[in-house]
Structures are given as C-alpha cells and as structure tokens.
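Colleague: Take a look at the following structure, please.
The values are calculated or read from the model by the stated rules, or taken from the named source; none is laboratory data. All values reported here derive from a predicted model rather than from experimental measurement. Reconstructed Cβ throughout: ideal geometry from the backbone, glycine too, with neighbour counts over all protein chains shown. The area values use the complete protein model at the heavy-atom level, side chains included, leaving out ligands, DNA and RNA. Shrake-Rupley method; radii C 1.70, N 1.55, O 1.52, S 1.80 Å.
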Amino acid sequence: KEEFGHCKVPVKKYSSNPSLGQWCSTMRTAYNKIQKGMNTNSNLSRGRIERLEDIGFQWQSVDYDEAFEKRCRELIAFKEEFGHCNVPRRYAGNPSLGQWCSHMRHAHKKIQKG
C-alpha cells in the first residue's frame, strides 16, 4: 500500500513478489467461499478479514468498472482511427481489445436470445 497507494495486488503481474500475489488470490478465494456460506480450508477468520479491510485490502482483484471504461476508451480510439467498431477478435494492434469486443458481442447475443 505504501509503495502503490492501494492494496490491489495482482495475481499474475506482480513480479517483484509473486508469493504475495498468490497469497492475495488465496485470501480472495477463501473470502468468496465464506461469503457464499461454503466451507474453506483457510484460517481466514472474521478478525483477519477485518484486519485486511482496515489495511485497505481489495477483495476483488479487478475493478470491473475501471476495466470496462478502459476498454471503452480503447474502442473509441479504434473507431476514431478506422471509422467503425468492428474490432476483429484477433486484432493485432490490441489483442485484448479484440477479445473483449468478441466477449461483448457474445454477451449481447445471449441477452437478445433471452
């Protein structure tokens, strides 16, 4: 937190301390199981949950609203460059944008079908 100003420790991209990233992932998984009323093999007690929350620990590793807005900005830039929003699934200029657009199209089709 002191170094980055937040407690959003990524699982895969925290190369300076991979074990911390893995530990955070384990805590998030245990917390999610506890929230669903499931048994967990961890020692994540209510007191430890409160301690982590006091520090500012993020139970979600991804801020989905922030991630969505980032992709929207990337899509706007794509449209400004190419004049359309038909990003290919395997778009070499931004592969993650291509995948995201593909997922959005698929989700939209599911909603349309009901």
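Here is a yes/no grid of residues against (1) open to solvent by 70 Å² or more (accessible area, probe 1.4 Å); (2) at pLDDT below 90; (3) out of contact with any strand residue (DSSP E or B) (no Cβ under 6 Å at 6 or more places or on another chain):
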site	(1), (2), (3)
GLY21	no, yes, yes
ASP65	yes, yes, yes
GLN99	yes, no, yes
LYS109	yes, no, yes
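Colleague: Here's another thing I want to ask about it. Does the stretch 50-61 contain any residue that is β-branched (Val, Ile, Thr) and surrounded by 11 or more Cβ atoms within 10 Å (Cβ to Cβ)?
Modeller: No - not one qualifying residue is present in the stretch 50-61.
Colleague: Report, by residue number, each residue of the stretch 71-85 that is touching a Phe, Trp or Tyr at 6+ places or on another chain (Cβ under 9 Å) and not in a helix (DSSP H, G or I).
Modeller: Those that are touching a Phe, Trp or Tyr at 6+ places or on another chain (Cβ under 9 Å) and not in a helix (DSSP H, G or I): HIS84, CYS85.
Colleague: Right, another one. Can you pull out the residues in the stretch 6-19 that are open to solvent by 60 Å² or more (accessible area, probe 1.4 Å) and either farther than 13 Å from VAL62 by Cβ or of a type in the set (Val, Ile, Thr) (or both)?
Modeller: Result: SER15, SER16, PRO18, SER19.
Colleague: For the list (1) closer than 30 Å to MET27 by Cβ; (2) assigned to a helix (DSSP H, G or I), I need the number of the one condition that CYS101 fails.
Modeller: Among (1) closer than 30 Å to MET27 by Cβ; (2) assigned to a helix (DSSP H, G or I), the lone unmet condition for CYS101 is (1).
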